[in-house]
Amino acid sequence: MKKLLFVAMCLFALVACKQEKPAPVVPDGGSNDSLENIIEQKENEINDLMSTLTEIQEGFREINEAENRVSVAKSGERADKAQQIREDMQFIADRMAKNRELLKKLQGQMKEGTLKSEKLQKTIESLLQQMEQKDAELQELRASLDAKDIHIGELDEQIADLNDNVSNLRTESEQKTETINTQDRQLNTAWYVFGTKKELREQGILQDGQVLRGNFNKNYFTKIDIRNEKEIKLYSKSAKLLTMHPSSSYTLAQDASKQYTLRITNPQIFWSTSKYLVILVK
């Protein structure tokens, strides 16, 4: 239940992020209807995800109960304990298979939906870890049953298939995580350069009064993560931005030596017009 609560908090965070965005101007009723449709779609996606997550957690609860019944039965003296254990082990194998399918469904919902979240991907990773843990517990339980001469040979192939399927799901999940991380890095990468008019011309960055026209030396730029790099020291008493960036998103301030420093106060807005920054200094 704690894991399910964590998942719910992640999804509520997604909703909160959506609600914190400034509301767009809706000039007519048609636009308003469109906005309502988008909100309804988001809510439906979240409800579907929560339904799948709840079903997976319920599956783990039922598996735990069945494991406990097997543990009690194997130490008992009932005449039908072997049959009871077979039934419970069959139930565990079936419920594990169903949880595997639900995890696959959850990955599909995330892939096809509009909610792209690193937290949600980590939640799927956590569920996969639970599946792997259950696989390990199931192997230990089978070894314990074998030690007591309680053999359930007909389930061997099913359990082996479960192990392979969980491994395949993890590979797919890791690939999705890497894709999300790559996209995240790309979205938050920018390049900047500052130099004199002569230096910028030599690199093809400034040509006939135009900036970043034609072929220019991209290797002359410094690559940064816009989430972390918010201050650039220019080491000059004269500085002018040649690329277009909203004036409300940055400041140019001089230090005690009258040298300028660029401070980016709102990175998302600042880099929204261009991921390249060119500053002319003297």
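No lab work stands behind these numbers, since they all come straight from the coordinates. These numbers were taken from a predicted model, which means no experiment stands behind them. Because the Cβ atoms are built from the backbone with ideal geometry, glycine has one as well, and the counts that use them run over all protein chains shown.
With +1 assigned to the C-beta of every Lys and Arg and -1 to the C-beta of every Asp and Glu, and no other charges, what is the dipole magnitude of segment 206-282 about the Cα centre in debye, to the nearest 20?
80
How do 196-206, 240-250 rank on mean C-beta neighbours within 10 Å, highest first?
In decreasing order of mean packing, 196-206, 240-250 become 196-206, 240-250.
Using 23 Å as the Cα-Cα cut-off, could you pick out the over-long pairs in 111/218; 74/134; 111/275; 240/275?
Violating the 23 Å Cα-Cα cut-off are 111/218; 111/275.
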